[in-house]
Amino acid sequence: MRKSASTTLALAGAMSLVMGGLTAVTQPANAAEGASVIEQGKALAFDRKKGNCLACHEIKGGAMPGNIGPALKNMAESYPDKSELRTVIWDMTKFNPNSIMPPFGKYKVLTEDELDKVVEFIHTL
Amino acid sequence: MNKLLVIAAAVSVLGTTPLVGQASPEDDLKAFQGYFLKRFPNVPLDEYANGVYALDAASREQWEAIEEFPPYEIAIEEGEELFNTPFKNGKTYASCFRNGGIGVKGDYPYYDIDKGRVETLESAINECRTKNGEKPLKYKKGKIASISAYMAYTTRGQKIDIKIPFDQRARDAYEHGKHFFYARRGQLNMACAHCHVDHAGKRIRADILSPALGHPSHFPVYRSKWGGMGTLHRRFGGCNKQVRARPFKAQSPQYRDMEYFLTYMSNGIPWNGPGARK
């Protein structure tokens, strides 16, 4: 169990638009019951309260991306081994100790299951 | 080659974040300003009083249009009136400040040796009130922001010139502020420096990240998103929440010390408050 779940939730409600706020959630991440894993991963990646990857990455199909990180494309080519891609998203600071990218798995921003779905989606890019 | 190694190699070049060890404040200042001046060679030091608009021409145009009918004008007027309205004991704010409180924002923040802590303009305003038998004001917005806006306005054009005295406790306050600024926090694990040093000028979603250099120069600000004025510490709290960290209270020791550090880093830049921001 997450130690500070209640604080995290309380604060998540107060967050601003940039990193994912109250106002602009376009699509609940688990909206479509029965959506394919890849579609679910996409919804999670774009959801401001979940992955919010567009804050920093250009991703095909996503509007108004930031440019802090590289555009996410040719992913299957770059990461023939999916587990390597997963490791990057799980905790980027393993590879760049000064990385700004949140450690999505290590800090439980995404659950293991959510992370798997995001990996499936990102790998299609 | 292994993709992860490519990333590691690419980012080590970015590892230019200045200062983390225990350099002297003077050395820190040189490194901090030098980093920005080198990274944005066309932006002169004075321009950093304008926050993100120093770096982005497109949003600067909109901002200049806004500045023609500044949304903070009402706050300056309200602040001036409050400033000149006597307390119940007949005294006014002017009695608490050097030069009757005109053009003195530049005196703050400073390390108060007797009190053993950093004094900010806002904390001095409230001390003036309590000394004169009035209740303190809330620190993030409202009347205190108006009074602070008026006092900032009368200080416009002077240069930031904060001193860190050669006193161990003052140095410690400075070091704490610096450490806070560079420390990762929150579930998203980010430091202020990630957004406002390493990635200043980049877009986070649709927002462009302002440089930390000059941050305190133009506060308090009228912010469209707030629909009103807010103090520097209100903004600190907002940025802490953004990374899902617990914010500290306005005028907490943490935020005072950080204000001390950040304002010292901005020495040489003109005071330019109050400001208008998105």
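Key figures
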{"item": "Selection within region B:167-204 - within 14 Å of another protein chain (Cβ to nearest Cβ) and in a helix (DSSP H, G or I)", "result": "B:Tyr182, B:Cys192, B:Ala193, B:His194, B:Cys195, B:His196, B:Val197, B:Asp198"}
{"item": "Candidate set: region A:58-94, residues that are within 16 Å of B:Arg184 (Cβ to Cβ) and not hydroxyl-bearing (Ser, Thr, Tyr); chosen: the one surrounded by the fewest Cβ atoms within 10 Å (Cβ to Cβ)", "result": "A:Lys94"}
{"item": "Matching option when the condition is more than 30 Å from B:Pro41 (Cα to Cα) and either of a type in the set (D, E, K, R) or not assigned by TED's automatic domain parsing to the domain that holds B:Leu137 (or both), among B:Pro216, B:Pro253", "result": "B:Pro253"}
{"item": "Filter result for the condition that a residue is touching a helix residue (DSSP H, G or I) at 6+ places or on another chain (Cβ under 7 Å), in the same structural domain as B:Ser252 (by TED's automatic domain parsing) and at pLDDT 95 or above, over B:Tyr108, B:Tyr48", "result": "B:Tyr48"}
{"item": "Subset of region B:243-269 that is away from chain A (no Cβ under 14 Å) and in contact with a Gly (Cβ under 6 Å, 6 or more places away or on another chain) - its residue that is nearest to A:Lys108 (Cα to Cα)", "result": "B:Met258"}
{"item": "Filtered residues of region A:49-106 (kept if outside any loop (DSSP other than H, G, I, E, B), touching a helix residue (DSSP H, G or I) at 6+ places or on another chain (Cβ under 7 Å) and more than 10 Å from chain B (Cβ to nearest Cβ))", "result": "A:Cys53, A:Ala76, A:Lys82, A:Arg86, A:Ile89, A:Trp90"}
{"item": "Residue match in region B:200-208 (condition: under 14 Å from the mean Cα position of the chain (by Cα) and either at pLDDT 95 or above or closer than 17 Å to B:Tyr48 by Cβ (or both))", "result": "no"}
{"item": "Single residue of region B:205-264 satisfying the filter (assigned to a strand (DSSP E or B) and of a type in the set (A, V, I, L, M, F, W, C)) that is surrounded by the most Cβ atoms within 10 Å (Cβ to Cβ)", "result": "B:Met229"}
{"item": "All positions within region B:176-192 that are surrounded by 21 or more Cβ atoms within 10 Å (Cβ to Cβ), closer than 30 Å to B:Gln158 by Cα and touching a Pro at 6+ places or on another chain (Cβ under 9 Å)", "result": "B:Lys178"}
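The values are calculated or read from the model by the stated rules, or taken from the named source; none is laboratory data. Please read all numbers here as calculations on a predicted model, not as lab measurements. So basically every Cβ, Gly included, is an ideal-geometry build from the backbone, and we count neighbours across all protein chains shown.
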